[in-house]
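The values are calculated or read from the model by the stated rules, or taken from the named source; none is laboratory data. On a predicted model such as this, the values are computed, not experimentally measured, just so you know. Don't worry about glycine lacking a Cβ; one is built from the backbone with ideal geometry, like all the others, and counts go over all protein chains shown.
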Amino acid sequence: MKQFQGRVITPGEVTAEAVVTTQGFNTLASLQMALQFGDKEVKCGDQNNAELHGKPLIGKALCLPQTIGSTTGGLVLYCACAMHKNPACMLFANPIDSLAAAGAVLADVWVDGVSMPVVDSLGEEFLSYVKDGMTVTVKENGVVEVD
Amino acid sequence: MVLTNEQQAILNGEKGETLAKVMKTLVMYGEAFHAEKLVPITSKYNHLVTSFGLKVMSPVYDLMQQILDAGVTSGQKFSVDPRPLDKNVPANILQKLVFNKFMYTKQDFYEEQLKELGLMDKDAFSCTCYMDEMGNRPQKGEVLSWAESSAVVYANSVLGARCNRNSGIIDIMGSIVGYVPYFGLLTDEGRRATWVVKVQTSKKPEAQLLGSAIGMKVMEDVPYIVGLDAWLGQQLDDATCAYLKDFGAATASNGAVGLYHIENLTPEAVELGDKLIAEGAQEYIIDDAELERVKNNYPVVWKDPDATPKLCFVGCPHLSLQQLKDWTDKIEAGLKESGKKKVAIPTVLTAAPKVLEVFEQTDYAPRLKATGVVTSYICPLMYMNNPLCKKMPVITSSNKLRTYSSARYYTDDEILHAITKGGNNK
């Protein structure tokens, strides 16, 4: 088990199974089709992301460097949370980008009854250590345990 | 974050609970980037990314309704991204059914919300709101609350305005309170380049391919590009601006670029030169082989990679008036060469409603129509985002459309060949 200290963007505690992308997570390309057509597992639809394409994202600890792509990214993430189809948490190796931050904040302020802890600045080592299927626990103070 | 008395009062709920939540959103958003203050928006108009009444986006419309029900509207009028539907665009019965009865059932409802909130006018739907015909062109140094990645990168880079890559909903919230958090691309430091990209190609690089290569390499960083002025010149004329529009859209969608500088060409690069380059900037060299490598690595997601294309989209982001005229000339010439009268693949050129209005008044419009090409104001991405279109072999010269859909990317010349000569550009 290894611990990483990050910065809390939106607080919360959760334990979930990791899904990992070492390239930018394109929120629109990844989530829109799954949300639109009722995919219960919310499988990643981004054909440009070989690490994630086709993998379920709902309830997972999504480990990523940052998000990329369309500026609908934040609202897509907000919708995923409002529809209870979001990852369990989002764990960023890099400082968070503006689209992911928007999605996290919109969900935190405007959606009742949904908690999606978001932690950033976990460092490059975090992303090289964590692998698909590992168990990840996020603490309220931004500590992330990977087992 | 230090707020003014007025901002603090709003946050404290003195102007109502809804405005307090809007302010809280902006403050939390800014604090994620260590913003120390909110600054006034100084542009005349805003631009929003959310133009589509997708049923699945109901939480967005519910949030908008909360805002409207609280008697709150945007302090600025705004333009918005393209509409998703146009009956001129070829679609079969099943597609029409899915579009109208399943996907975009909230379109009319959402457009009414936009009108109430402050839509500029009924035709203010385009991702290229900065075109002269559309009338939403910010000035150098103005602070914006825009979203739409291709518009933000254009406003920052080509026009010298200041805007972060805001998400949808955050965009309108800025307009509602009149402020945006001060961080990132609003600051001088945030506009400095952390990459130097050296263009060393043997010919003018394809805009959407060059943008893709840079976007994938630098992600959200700011690149300072040298060597491109040798191909583009040092004037921001119509042709160069159109090139930069397409180039920027690819940097923003294939990566997350919100600002680029081009030596001797874009306003801040002309003004400040290499003083814009941050200490320790990384280097990326782009030559013919690198562009070829990038292009060859695009995944082909068609079920049958050798399928004959059923549809072609050109114009994501929307074409300029000059680009519409240039495509008309090129298609006519290509058809003449191949001895054909009509294009071999149903082809749609997309542009802003007001650009199309002007185009329709030129003698190019009937000439283009005679080739069988259709013009439309839609967002091709919105058209493509459904399983029916995913099964359809669509080709495009838009790297943005390639990124977000199953459309296959070809260069402008390859597209021209395919639509005027036939074949699938295998």
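Regarding region B:400-413, can at least one residue be identified that is without any contact (Cβ under 8 Å) to a residue 40 or more places away in the chain, more than 28 Å from B:F99 (Cα to Cα), away from chain A (no Cβ under 14 Å) and outside any helix (DSSP H, G or I)?
The answer is no, given that none of the residues of region B:400-413 is without any contact (Cβ under 8 Å) to a residue 40 or more places away in the chain, more than 28 Å from B:F99 (Cα to Cα), away from chain A (no Cβ under 14 Å) and outside any helix (DSSP H, G or I).
Only one residue in B:K122, B:K106 is buried (at least 16 other Cβ atoms within 10 Å of the Cβ), over 24 Å from B:R162 (Cβ atoms) and of a type outside the set (S, T, N, Q), so which one is that? Write out each step before concluding.
Numbers: B:K122 fails: buried (at least 16 other Cβ atoms within 10 Å of the Cβ).
Answer to the check: B:K106.
For region B:346-355, check the following and say yes or no: at least one residue is hydroxyl-bearing (S, T, Y), touching a helix residue (DSSP H, G or I) at 6+ places or on another chain (Cβ under 9 Å) and away from chain A (no Cβ under 14 Å).
Yes; the residues of region B:346-355 include at least one that is hydroxyl-bearing (S, T, Y), touching a helix residue (DSSP H, G or I) at 6+ places or on another chain (Cβ under 9 Å) and away from chain A (no Cβ under 14 Å).
So, of the residues in region A:54-82 that are more than 25 Å from B:S51 (Cα to Cα) and small (G, A, S), which turns out to be nearest to the other protein chains (Cβ to nearest Cβ)?
My answer is A:G54.
Only residues that are in a helix (DSSP H, G or I) and either farther than 21 Å from A:F25 by Cα or more than 19 Å from the chain's Cα centre (by Cα) (or both): list them for region B:211-228, please.
Listed by number, the list holds a single entry, B:K217.
Just name the residue that is farthest from B:R402 (Cα to Cα) out of those in region A:1-43 that are within 11 Å of chain B (Cβ to nearest Cβ) and among the aliphatic types (A, V, I, L, M).
A:V8
Among A:V105, A:V119, which is the only one that is within 12 Å of A:V8 (Cα to Cα), in contact with a Leu (Cβ under 6 Å, 6 or more places away or on another chain) and buried (at least 18 other Cβ atoms within 10 Å of the Cβ)?
A:V119
From the list B:T396, B:T347, exactly one residue is among the hydroxyl-bearing types (S, T, Y), crowded, with 23+ Cβ neighbours inside 10 Å and touching a Leu at 6+ places or on another chain (Cβ under 8 Å). Which is it?
B:T347
Which of the residues spanning region A:40-94 are without any contact (Cβ under 8 Å) to a residue 40 or more places away in the chain and outside any loop (DSSP other than H, G, I, E, B)?
Across region A:40-94, the qualifying residues are A:K43, A:P56, A:L75, A:Y78, A:C81, A:A82, A:M90.
Taking the stated definitions as given, is A:L99 touching a strand residue (DSSP E or B) at 6+ places or on another chain (Cβ under 8 Å), crowded, with 18+ Cβ neighbours inside 10 Å and at the interface with chain B (Cβ under 9 Å from one of its Cβ atoms)?
Against the criterion (touching a strand residue (DSSP E or B) at 6+ places or on another chain (Cβ under 8 Å), crowded, with 18+ Cβ neighbours inside 10 Å and at the interface with chain B (Cβ under 9 Å from one of its Cβ atoms)), A:L99 qualifies.
Please identify the pairs in which a residue from region B:202-230 that is within 20 Å of B:G315 (Cβ to Cβ) has its Cβ atom under 6 Å from the Cβ atom of a residue that is part of a loop (DSSP other than H, G, I, E, B), counting only partners at least 6 apart or on another chain.
B:E206/B:T411; B:G215/B:G255; B:G215/B:V257
Which ones in region A:42-51 are touching a Lys or Arg at 6+ places or on another chain (Cβ under 9 Å) and at pLDDT 95 or above?
Within region A:42-51, A:V42, A:K43, A:C44 qualify.
Look at region B:113-128 and say how many of its residues are more than 16 Å from B:K55 (Cβ to Cβ) and in a helix (DSSP H, G or I).
4
Quick check on region B:180-198. Is at least one of its residues crowded, with 24+ Cβ neighbours inside 10 Å, more than 17 Å from the chain's Cα centre (by Cα), part of a loop (DSSP other than H, G, I, E, B) and not aromatic (F, W, Y)?
Looking through region B:180-198, none of the residues is crowded, with 24+ Cβ neighbours inside 10 Å, more than 17 Å from the chain's Cα centre (by Cα), part of a loop (DSSP other than H, G, I, E, B) and not aromatic (F, W, Y).
Go through the residues of region B:386-395 one by one and say whether even a single one is modelled with pLDDT of 95 or more, assigned to a helix (DSSP H, G or I) and in contact with a helix residue (DSSP H, G or I) (Cβ under 9 Å, 6 or more places away or on another chain).
Scanning region B:386-395, I find no residue that is modelled with pLDDT of 95 or more, assigned to a helix (DSSP H, G or I) and in contact with a helix residue (DSSP H, G or I) (Cβ under 9 Å, 6 or more places away or on another chain), so the answer is no.
Listed residues B:T251, B:T266, B:T240; which is within 14 Å of chain A (Cβ to nearest Cβ), touching a helix residue (DSSP H, G or I) at 6+ places or on another chain (Cβ under 7 Å) and of a type in the set (S, T, Y)?
B:T251
Do any strands (runs of 3 or more DSSP E) lying entirely in region B:18-84 carry at least 3 residues that are away from chain A (no Cβ under 11 Å) and over 20 Å from B:Y383 (Cα atoms), and which ones are they?
Where strands (runs of 3 or more DSSP E) fall fully within region B:18-84 and carry at least 3 residues being away from chain A (no Cβ under 11 Å) and over 20 Å from B:Y383 (Cα atoms), they are B:38-40.
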